[in-house]
Structures are given as structure tokens and as C-alpha cells.
Amino acid sequence: MSVVALSHVRRAYGGVRALDDVSLTAPEAQVLALLGPSGSGKSTILRVIAGLEPVDAGEIRIGDELLSAPGRTAPTEERRVGMVFQDYALFPHLTADANVAFGLDKLSRAERDATALKWLDRVGLKQRAAAYPHELSGGEQQRVALARALAPAPRAVLLDEPFSGLDAALRAELRDATLATLMETRTTTLFVTHDAEDALQIADRLAIMKAGKLLQEGAPRQAYDFPASVDAAAALGPVNVFTGRVAHGAVATPFGSVKAAHLPDGSSAQAAVRAEALALRPGEGARVLSVRPHGAHDVVRIEAGGVVWRALIPARTPLGETVAVEIQPAGAFSFSASS
Ligand code: ADP
């Protein structure tokens, strides 16, 4: 079993709690995406799994093998995890095939060469086997790095922002190709990104991090449709937030009411409404401040009662100076403001 499990893991640097009681499971043969802003602890999770850092508290296991606990850190080379980190670049003085062959030291020379070529072929770079890293594009280098990580048949592979630094079109292409390779090889994967779209596109499971804490863990669709907090909702796309009091099981915002039946009447609550959950049609209720194109959508800033929200609506929808606003319940959530 190649399930990677963190149980109540803590790791601090001086006063900074990089990981604050994180429990998390990366399921066998699936992709777990770690999503969160810069500094939320995502890379630290990969580093403790790789054994590059000790844990201050808690445990890390792959299957039933204990790899990390306070005072005990199994060496990186015994963990059998593959890594594609930005700072784990290719060896510049080795060709692509020699880079991939590097971790295969238990095999004979002929087997190493054949295995390296097989993996380069899998990532579509067999014809570039003799090229040096500086002769390869950024995307090609990342594909070689993926081949190098997978060639020794690791129990899990750790990818840290592998596509950052690539332009948007190449990024999407490489993301899809990487996902195809990972699915084919059924490799347990932890994938770090700060990009919600990357995370939603590649993940079987999603772990949303903020300030060293795990905010929510679940299937991407479930996390999107049932966020556990305002921060978890905002991690997956733009949301509008309004703080008010619960009355008759709802929070009244200037744009309409949001159900809050699970919160006590009179309590302080935050309503969070996804930008795409605002439907606009000709009418009264809110003033249109601006309309800006955003691919297949327009971003419309609307104002009511001194509050400005953003709506994401189908591109080129005709709007007047004012609009009627409807909040669609599927993208509207409420949370206790005291918690
Ligand atoms: P992310 O990958 O989400 O950007 P990191 O895991 O790199 O976040 O960092 C989490 C927190 O720990 C940040 O506040 C960062 O500054 C701090 N941190 C990480 N590594 C070190 C280190 N080696 N020394 C001191 N602080 C560190």
C-alpha cells in the first residue's frame, strides 16, 4: 500500500508555525492537490514527507511504515519517494537520459539505459535523450524531471509547483500530459499549487491550506459546492463576503438574502457568494460600475447600499446602468462570524 498519511504533524521555524496540527491522507494511486497561498505550509508538507525536514510532533507513514516522528527521520533515500521540485533541477552536466538513469543505480548498465529511454518515451521526449538541460525548453525540462522522478518506481511522487514559470497554454498542456502519465502509472501523488484552476483540473482529492492549517479536505466538487469556511470558499474562486446578523434564518445582504438556517437568529454571520452565483438581468436593485471581459465571461462590478460586489456572467450579456440581482443558492454560503 502506498497511502501517504500525516497524523497531527507540527513543524515550526522559530516562532512561525509552518505546519500546525496537520492530518492528511494521500490515497493510493490518486492525485492529492495541496492548494493555498504562498507561505501556507504546502512545501513544508512535501519536505517533511521527503524527509528533508524533521517533524516536531505527529507522524508520517507510507502504508504501515513509520517514516517520521519526533526524534526519528528516516533518510530521504530510504523513503522511495520521487520529487519534482523547482529547486531540485536537472543535473546540468548530464544529458536527458543520464538524468533519468541517475536514480537507477541498482540496475545493470543496459537495464538503466533501457529504463531511462522507456521513461523519456512515456513523457514524449525519446528523441531528445542526448540533449543537455540547457538545450531543452522549460516544459521539456519539467517532463524530464517527471521521468526522472517516476523511473525508480517510487511509492509516491511529490510535485512542487511544477508548471509555474511556464506560459498559460503550455501550462495547461503539460498539466494534462502529466496527469495522463500519473494515471497510467497509478502513482500516489502530492501536487502543490497556489493556482485553483490547476488544483481543480488535476486533483482527485483537494487539501486547502492556510497559515499552516488544513482548512478543508475532500473531492474537488464537494469542496467547491460545500466550502467549510469563507477562506476555503475563496481558495477555489472569487467570492463576495458580507457580514451581518441572522434574521429569520437568513443573512440580508444589499443584493439579496443568503440562507443561514443552521445559525441562531440574532447571531453575527458572514455570507459568502461566489461571483458566478450572481445572476444579473435588466431592472433595478444595483448600479453597474464596470464591465470587463474575462474569457467566456464578463466581470461586472455592481454596487448597492455602498457595498461593491463582483459578478461573473456570460460574456456580452446586455446590461443597463442598473440591474436586478439574483443570488443563486448553489453558490451562496453562510458561516458563523464568531468562529
Ligand atoms: P508554501 O509552500 O505554502 O508557500 P512553505 O511551506 O514554504 O509555504 O512555508 C510555510 C511557512 O514556513 C512560511 O511562513 C515560511 O516563511 C516558513 N518557512 C518555510 N521554510 C522555512 C525555513 N527553512 N526557515 C524559516 N522559515 C521557513
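The values are calculated or read from the model by the stated rules, or taken from the named source; none is laboratory data. Keep in mind the model is a prediction, meaning the values are calculated, not measured. Neighbour counts run over all protein chains shown; Cβ positions are idealised from the backbone, glycine included. The area values use the complete protein model at the heavy-atom level, side chains included, leaving out ligands, DNA and RNA. Shrake-Rupley method; radii C 1.70, N 1.55, O 1.52, S 1.80 Å.
If I ask for residues that are of a type in the set (A, V, I, L, M) and touching a residue at least 40 places away in the same chain (Cβ under 8 Å), which ones from the stretch 117-145 would you list?
VAL123, LEU136, VAL144, ALA145
Mind checking which strands (runs of 3 or more DSSP E) fall wholly inside the stretch 24-76 and carry at least 2 residues that are over 23 Å from SER229 (Cβ atoms)?
57-62, 65-69
Collect the residues in the stretch 26-53 that are more than 9 Å from the ligand (Cβ to nearest atom), free of Cβ contacts under 8 Å to residues at least 60 places away in the same chain and either within 18 Å of SER164 (Cα to Cα) or open to solvent by 10 Å² or more (accessible area, probe 1.4 Å) (or both), keeping them in residue-number order.
GLY51, LEU52
Mind telling me which of the residues GLN201, GLN222 ends up being of a type outside the set (Ser, Thr, Tyr), at pLDDT 95 or above and out of contact with any His (no Cβ under 6 Å at 6 or more places or on another chain)?
Exactly one of GLN201, GLN222 is of a type outside the set (Ser, Thr, Tyr), at pLDDT 95 or above and out of contact with any His (no Cβ under 6 Å at 6 or more places or on another chain), namely GLN222.
Taking the condition under 26 Å from THR44 (Cβ atoms), of a type in the set (A, V, I, L, M), away from the ligand (no atom under 16 Å from the Cβ) and not in a strand (DSSP E or B), does LEU179 pass?
yes
For ALA168, state whether it is touching a Lys or Arg at 6+ places or on another chain (Cβ under 7 Å), more than 30 Å from PHE242 (Cα to Cα) and either modelled with pLDDT of 95 or more or of a type in the set (Gly, Ala, Ser) (or both).
no
When the residues of the stretch 91-139 are filtered to those that are among the aromatic types (Phe, Trp, Tyr) and part of a loop (DSSP other than H, G, I, E, B), which remaining residue is surrounded by the fewest Cβ atoms within 10 Å (Cβ to Cβ)?
The residue in question is PHE91.
Residue-wise test of (1) open to solvent by 10 Å² or more (accessible area, probe 1.4 Å); (2) farther than 23 Å from GLN222 by Cβ.
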position: PRO162; (1), (2): no, yes
position: ALA172; (1), (2): yes, yes
position: PHE191; (1), (2): no, no
position: ALA207; (1), (2): no, no
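Out of all the residues in the stretch 150-160, which are over 19 Å from PRO27 (Cβ atoms) and either open to solvent by 30 Å² or more (accessible area, probe 1.4 Å) or of a type outside the set (D, E, K, R) (or both)?
Residues satisfying the conditions are ALA151, PRO152.
Identify the single condition in (1) within 14 Å of the ligand (Cβ to nearest atom); (2) in contact with a Gly (Cβ under 9 Å, 6 or more places away or on another chain); (3) open to solvent by 10 Å² or more (accessible area, probe 1.4 Å) that TYR13 does not satisfy, given that it satisfies every other one.
Every listed condition holds for TYR13 apart from (2).
Right, GLN270: modelled with pLDDT of 95 or more, open to solvent by 20 Å² or more (accessible area, probe 1.4 Å), closer than 30 Å to LEU6 by Cβ and over 23 Å from the mean Cα position of the chain (by Cα) or not?
Answer is yes for this residue.
Restricting to the stretch 298-339, what's the tally of residues that are among the hydroxyl-bearing types (Ser, Thr, Tyr), open to solvent by 20 Å² or more (accessible area, probe 1.4 Å) and at pLDDT 95 or above?
Residues in the stretch 298-339 being among the hydroxyl-bearing types (Ser, Thr, Tyr), open to solvent by 20 Å² or more (accessible area, probe 1.4 Å) and at pLDDT 95 or above: 2 in total.
Only residues that are in a strand (DSSP E or B) and open to solvent by 60 Å² or more (accessible area, probe 1.4 Å): list them for the stretch 242-267, please.
Residues satisfying the conditions are THR243, ARG245, ALA252, SER257, LYS259.
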